[in-house]
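Novice: Pasting a structure below so you can have a look.
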Amino acid sequence: MPSVDASVAAVCRRPPLIFGVIASLFFGLLFLVSGCAGPGREVTWLSDATLEHYRDRELHISNPVDSSPARPRESWKRPPRTITAPTEDEIRDLSLADALKLALENNSVIRTRGGFLSPGNAVLSSPDRVASIWDPAIQESGVLFGGRGVTAALAAFDPEFTTTMVWRRNETPQNNAFLAGGIGSGGSLVGEMGDFTSMLRKQMGYGASLSVGHDWSYFGSNIPSSYNLYNSTYTGNVNLRYRQPLLAGSGTEFTQIAGPVTQQFRGLSGVSQGVVIARINNDLTLSQFEQSAINLVKDVEDQYWDLYLAYRKWDAAVMARNSAQKSWRDTKVILDGGGKEGFTNSDEPLARDRYYQTRAQSEAALASLYRTETALRRLLGLPVSDGTVLRPSDEPVTARFEPNWEASLVEALTHRVELRRQRWSVQSLSLQLKAAQSLIRPRLDLVGGYQVNALGDNLFSSDRSSPYSSGYRGLSHADHTGWNLGFEFTLPLGMRSANAQVKNLELRLAKSRAVLDAQESEISHELSDAIQQLAAQEAATRSNLNRRAAAQERVRQFEIEVFNAGTKTLDDLLRAQVSRADAEVAYYTSLVAYNQALANLHFRTGGLLAVNNVQLAESEWTPDAYRDALRRAWQRSHGLSADGLLEAQPTPFASPGPLSQPESAIEIPAVDDPPSPSTAIPIPERSESTVSPVDDSREIVPSTFRKLTDRLGEGTRSLKGQSRDLPTTP
């Protein structure tokens, strides 16, 4: 019989043998699997196949599952207007005010004139960057770091309720009866536990945090009662906790700028998560939207006058074509009738060549008109073709306007949206720098708490034989309390992160202020160029008007001398007709450029929206929003005054200019040619073909500036109403 030691040794040797067999099988399988799937191994397949399925999947362009098939809208079904397929469309006379109204109503996504037909068209290439009417609301409702709206910033001060309830059971076999609390050896210690916690936490506007909590813990076991008062007990408390920052991140101003210091993520949130910064970000977004609206108004007005010019060019081209046709017909009649003094056989091909030349020019002018009209339709949000042809009904302004440089400069520096946006950026960085300087101090918080403790066999019980029979009765008596009071100090050695943040904000603030100075200088140069362009186009318009009158008179005299007197050749007449058409186009080109220069002046002074009676406003809110706003207004009305707190908006950046300017009389100078009489600039009709030069005696066109804020607001309309037609001589 083997000994006991030998039996124990045999038992001890069996597990390694079994483990060895299992390990051998495991490593063998692992080797086989890795050998078949290892890299560089050639595998022989039992059938032939291709990879076309994967190639097709790789080259296949996928679309979203819920995307509907593209279908053209009903209003898009009419083809565009072309010169080879003319249509009988209704003329739709459109005023500039109506054009602006249509553009503002139909462009929820704001288009730009320069982006059309460009590879960098933001509507197609960068849709997320396109300005739209939803941008202010998107910013207002933002929740991410760097783009938080006021609502998300105020959410940091919302009360937060947290509660948990967890049950547990544990059975543990016991080896020692003494350590098991009376349970015999081999018995099981059974424990049943439950934890209930609840807390209501509120972040204060001055940086402190206050919390109220209520906790219960249940424990029940099978330990004999001789060792415990009860086999199962409820232990709980009601507590109050308070934390107040004293150095870094303390105070109302810091909290309004950077948000609560207790909710900051180090190195991520920075000092730009407060309510004031969120409000400034909203104002920045509003200024960007206003700038987009101003650009849209400018583009629509320029395109409107371009369409007017396209009509005038087409009218001049048609007039030149008709004149060339008449000259060709008259020449052919004369030559077919036997000729006339001054006419040769080469005059008929010359007149025919001139006719087809002007015909091609009229067709090109009509094609340009169609393209210009389509471009205006795009800005107005209209379909390519809807059975109507847009035609400007407003005539260009012809009265002379001479702006005051100093008043215009003050107005530009006060009203330009770009400067307002940059000033908000400077204000935001200044506030962030002030908050960052608070964080270079150590973190010192005052912490305190108070709680009432209780013990009970049950949570609720009517048994009054023991003071511990009911847990809530013990809480209500408040016989067992506790408190704590102290300080919590944190000091990052070196403070490199906080100092780097202050340095970064100082550099950004210095750059922002330098950019503001550069913007003011840039605007002064822009305004100077706008005034120069206005004067140049006004002078060119008057000169081209005189040229137009002279060219018309030249054609009239040459027609008499060619066909009646025979003192001029047909070539002279055709040259005169070309000069008349060029003079017609040059006059209306300079007149349209003069009106666009007026719009550019209003644009550079920041008064373009006011001139066109355009105001930005929020859309209608729900009735609940109006009731909440009224309730908050009453709360503010009954609130206590708190002088010295941080203002919600920056102080004024510019003082208002003078309210009125003295009336100034501006005299229209005469043209440079002494023999020809000076002319005023009339408002032409489409059917007008001739103009009469005016007498050198003329009235004075007044230019009155009443108030600086609405001087350019009245703009050319007030000047047009004040100007009177100058007398003409027969």
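Novice: Hey, fewest Cβ within 10 Å first, where do 212, 585, 562, 166 land in order?
Specialist: 166, 212, 585, 562
Novice: State the answer as a single residue: which of 489, 524, 461 lies farthest towards the positive end of the charge dipole of segment 439-556, with beta carbon charges of +1 for Lys and Arg and -1 for Asp and Glu, about the Cα centre.
Specialist: About the Cα centre, the residue reaching furthest to the positive side is 524.
Novice: Under 5 Å between amide hydrogens, which residues at least 5 positions from residue 274 or on another chain qualify, with H placed 1.01 Å from N in the peptide plane?
Specialist: Amide H neighbours of residue 274, under 5 Å, 5+ apart: 258, 259.
Novice: Among 153, 121, 109, flag the residue with its Cα farthest along the positive direction of the charge dipole of segment 100-154, charges on Cβ as +1 for Lys/Arg and -1 for Asp/Glu.
Specialist: 121
Novice: What list of ³J(HN,Hα) values in whole Hz, one per residue of segment 604-612 in order, does the Karplus curve 6.51 cos²θ - 1.76 cosθ + 1.60 (θ = phi - 60°) give from phi, with Gly and Pro shown as x?
Specialist: 6, 8, x, x, 5, 5, 5, 4, 9
Novice: Output ³J(HN,Hα) for segment 126-137: one whole-Hz value per residue in order, computed from phi by the Karplus curve 6.51 cos²θ - 1.76 cosθ + 1.60 with θ = phi - 60°, and x for Gly and Pro.
Specialist: 9, x, 5, 9, 6, 6, 8, 6, 8, 4, x, 5
Novice: Taking neighbour counts of Cβ atoms within 10 Å as a proxy for exposure, in what order, fewest first, do 602, 638, 477 appear?
Specialist: Exposure proxy ranking, most exposed first: 638, 477, 602.
Novice: Using the Cα centre of segment 370-482 as the reference point, and only Cβ charges (+1 on K/R, -1 on D/E), how large is the resulting charge dipole? Debye, rounded to the nearest 20.
Specialist: Dipole size: approximately 320 debye.
Novice: Would you please give the residues with an amide H less than 5 Å from that of residue 132, counting only those at least 5 places away or on a separate chain, with H modeled from the backbone geometry?
Specialist: Amide H neighbours of residue 132, under 5 Å, 5+ apart: 110.
Novice: Here is a follow-up. From Cα pairs below 8 angstrom and at least 6 apart in sequence, can you work out the relative contact order of segment 288-376, rounded to a whole percent?
Specialist: 46
Novice: What residues have an amide H closer than 5 Å to that of residue 204, excluding those fewer than 5 places away on the same chain, when H is modeled at 1.01 Å from N in the peptide plane?
Specialist: 209, 210
Novice: What number in nm² do you get for segment 411-519 if you take the convex hull of its Cα atoms and divide its surface by four?
Specialist: Mean projected area of the Cα convex hull: 13.5 nm².
Novice: How do 445, 195, 479 rank when sorted from fewest to most other Cβ atoms within 10 Å of their own Cβ? Intermediate values should be presented prior to the final figure.
Specialist: Working: 445 22, 195 14, 479 11.
Least to most surrounded, the residues fall as 479, 195, 445.
Novice: Shifting gears a bit: So for segment 471-609, averaging the separation of alpha carbon pairs under 8 Å that are six or more residues apart and normalising by length, what relative contact order in percent results? Spell out each step's value before the answer.
Specialist: Working: 63 pairs, mean separation 41.1, N = 139.
Averaging sequence separation for qualifying contacts and normalising by length gives 30 percent for segment 471-609.
Novice: Let me ask you something else. Calculate one ³J(HN,Hα) per residue across segment 381-396 by plugging θ = phi - 60° into the Karplus curve 6.51 cos²θ - 1.76 cosθ + 1.60, and present them in order as whole Hz with x for glycine and proline.
Specialist: x, 9, x, 4, 8, 9, x, 10, 10, 6, 9, x, 9, 7, 8, x
Values quoted throughout were computed directly from the atomic coordinates according to the rules given, and no laboratory measurement underlies them. Since the model is a prediction, treat every value here as computed from it, not as a measurement. All Cβ positions, even for glycine, are placed from backbone atoms using ideal geometry, and neighbour counts span all protein chains on display.
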